[in-house]
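Asker: Let me give you the structure first, and then I'll get to my questions.
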């Protein structure tokens, strides 16, 4: 009889050990699942932060480009105004030169 009692205790101990192992596996699986979910949340947050940072940089670049564009346009307008002023100043000289050339051409024909 004592042998059966020992065998029963061994079987009970093995069953308890199996139950403890199964509970440990289930807990490990749960922790792994939670860790995976947390990792996915962290990845998603990192993606969102990276997207926001990229959008911020793009907007800053657009603003910089727009400022440079406006500066270039202003410089171009100033150059155009300077050229127009120079042309205006030369109108009298060009008109006089043209009249002289015309007059010389007419005198040369007569």
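The numbers here are math on the coordinates, done by the rules we state, and not lab data. In this text, all values refer to a predicted model and were calculated from it rather than measured experimentally. Cβ placement follows ideal geometry from the backbone for every residue including glycine, while neighbour counts extend to all protein chains displayed.
Asker: Once the Cα atoms of helix 2-109 and of the chain are each reduced to a long axis, what angle between those two axes, in degrees from 0 to 90 to the nearest 10, is obtained?
Answerer: Compared with the principal axis, the helix lies near 0 degrees.
Asker: For residue 95 and residue 108, compute 0.36 nm times the residue count separating them, minus their Cα-Cα distance, and round to one decimal in nm.
Answerer: The span from residue 95 to residue 108 would gain 2.7 nm if fully extended.
Asker: So what is the orientation-averaged projected area of region 46-110, using the convex hull of its C-alpha atoms, in nm²?
Answerer: With every direction weighted equally, the projected area is 6.5 nm².
Asker: Based on DSSP H runs of at least 4 residues, each adding -39500 (n - 2.57), what is the mean residue ellipticity at 222 nm of the chain after dividing by all its residues, to the nearest 500 deg cm²/dmol? Mind dumping the intermediate values first?
Answerer: Details: 1 runs with 108 residues, N = 110.
About -38000 deg cm²/dmol.
Asker: To the nearest 0.05, how large is the calculated FRET efficiency for residue 27 and residue 59 if R₀ is 30 Å and r is the Cβ-Cβ distance?
Answerer: Once rounded, the FRET efficiency stands at 0.05.
Asker: Treat region 1-79 as a sphere of radius equal to its Kirkwood radius over Cα pairs and apply Stokes-Einstein at 10 °C in a medium of 1.306 mPa s; give the translational diffusion coefficient in µm²/s, rounded to a whole number.
Answerer: So the translational diffusion coefficient is about 84 µm²/s.
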